[in-house]
1. Report, by chain and number, residues whose modeled amide H sits under 5 Å from the one on Ala244, excluding near sequence neighbours (fewer than 5 apart, same chain).
2. Please identify the helices of the chain, taking whole runs of DSSP H, that span at least 30 Å along their own axis as judged from the Cα atoms and have a mean Kyte-Doolittle score of 0.0 or higher.
3. Find how many whole Å separate the alpha carbon centroid of the range 24-89 from the alpha carbon centroid of the range 184-217.
4. In debye, nearest 20: dipole of the chain around its Cα centre with unit charges on the Cβ of K, R (+) and D, E (-)?
5. So if I restrict to the alpha-carbon atoms in the chain, what is the Rg, and what is Dmax, the biggest pairwise distance, in Å?
6. Taking the simple approach of a point 7 Å from Cα along Cα-to-Cβ for both Asn49 and Ala350, what is their distance in nm?
7. Go through the range 56-62 residue by residue and turn each phi into a ³J(HN,Hα) via Karplus (6.51, -1.76, 1.60, θ = phi - 60°); whole Hz please, and just put x for glycine and proline.
8. Projecting each Cα onto the charge dipole of the chain (Lys/Arg +1, Asp/Glu -1 at the beta carbon, about the Cα centre), which of Trp319, Asn266, Ser219 comes out farthest on the positive side?
Amino acid sequence: MNLANAAEASEIEEARLATYPAPYPEGWYVVARDKDLATEPTQVRVAGNDVVLFRDNEGQVRAIEAYCPHMGANLSDGVVRNGCIECPFHKWRIDGQGRVVRIPKGQSSEPVHRTSSWPVIDLHGWICIFHRHGELTPGPAPAPPYYLERVREIDDGELRYRGEYDAGAIHMHLLEFVENSVDYQHFEPIHGELRIPWTNIPVPGMRIEHEASWRRDASEPQVSWFENEAQLAFRGKVIPRSGATAKVRLEGPGGIIRFDFRIAANGGRVVMFQSHTPTGPLTQRVRFRWFSDRSVSKLQAAFIVGHWVSQWRQDLGIWSRKIYRKRPLLSRADGPVHQLRRWYAQFYPAR
Ligand code: FES
Ligand SMILES: [Fe+2]
């Protein structure tokens with residue numbers, strides 16, 4: 001129960017935030033769906049920056065700072081001309097690398113980098129940009145330290161697009177999601193009850209038994225793996241070949257996570273992406289997008305993803321009110337929290 005009034009509540013929030021590491025670690029974040037980006041410029045807020053997205057003459061999505069380097073007008077109010085944004089205020093034109101390429105009535109000169117830009121990729125229908133630490137500086141986007149791995153079977157058409165879900169704004173610090181994967185002790189109390197997919201409604205008599213593990217990838221430093229085998233039990237008796245296994249690729253600080261679900265009953269495969277885009281220090285925009293092979297219908301895939309979403313929702317109440325314990329009081333049964341934190345530290349600048 002929380003009896004805090006509004007002023008107390010905001011003080012509590014500040015105090016909670018102060019316990020956490022910085023809110024925006026380096027990594028790839030989803031900023032839009034490819035299909036939502038027409039030619040008009042679109043503004044997005046991500047990791048403390050306002051960014052404008054637009055398509056250049058080749059149809060490539062570009063990301064530059066949303067405010068004009070001239071007098072600060074919002075470039076998303078401008079138009080795209082000849083692959084550049086034309087600012088609404090004094091009609092300067094800026095290209096996808098942040099170069100001013102035209103100044104009406106101004107001196108004609110070589111295009112000069114005047115504002116900052118971000119690397120952009122399209123990950124199976126999601127437009128993602130790479131966020132770096134530090135002040136924004138004018139210039140072409142520096143090459144990111146890694147690119148997110150694509151799924152060959154999606155590119156080949158073996159796995160088909162089956163659906164997506166936008167969960168909206170979720171109140172949590174980004175690292176809670178990743179840290180959850182080594183918190184083995186919360187699976188039973190928080191995720192033990194089977195729920196009707198997409199809902200909070202428990203299924204009477206049914207429990208889920210979890211067996212989980214986490215490890216760093218042997219060759220890619222930015223990757224770690226969480227594996228979970230979930231089996232269903234009715235009144236304490238495990239049901240054979242029920243449930244599913246999930247192999248989860250954590251690539252970066254938790255901006256984009258890939259789940260590979262295998263259904264125990266028939267080996268069917270569902271690949272789901274979950275993304276967290278930090279739009280504020282304790283606010284994440286969370287989206288899901290999934291694909292499945294031919295043996296899993298659209299409805300079955302939605303069922304599997306819905307199971308996951310129902311379980312994920314169980315964590316939200318905890319995440320929205322907890323603090324970050326730098327030195328948690330761990331028991332022997334806890335997972336490798338410190339190992340995970342050492343791995344995660346790579347997404348912050350070296351101190
Ligand atoms: S503020 Fe953009 S052209 Fe002047
Ligand atoms: Fe959880």
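1. It is Ala230, Ala264, by chain and number.
2. Values: long enough: 298-319 (31 Å, 0.07).
In the chain, the long hydrophobic H runs are 298-319.
3. Using only Cα atoms to place each centre, the spacing works out to 40 Å.
4. Details: 45 positive and 41 negative charges, 67 e Å.
That gives the chain a dipole magnitude of about 320 debye.
5. Cα-based Rg and Dmax for the chain come out at 22.4, 80 Å.
6. Label at Asn49, label at Ala350, 2.2 nm between them.
7. Per residue, the Karplus-derived 3J(HN,Hα) values read 7, 4, 8, x, 6, 7, 10 Hz.
8. Asn266
Values quoted throughout were computed directly from the atomic coordinates according to the rules given, and no laboratory measurement underlies them. These numbers were taken from a predicted model, which means no experiment stands behind them. For neighbour counting, all protein chains shown are included, and Cβ atoms are generated from backbone atoms with ideal geometry for every residue, glycine included.
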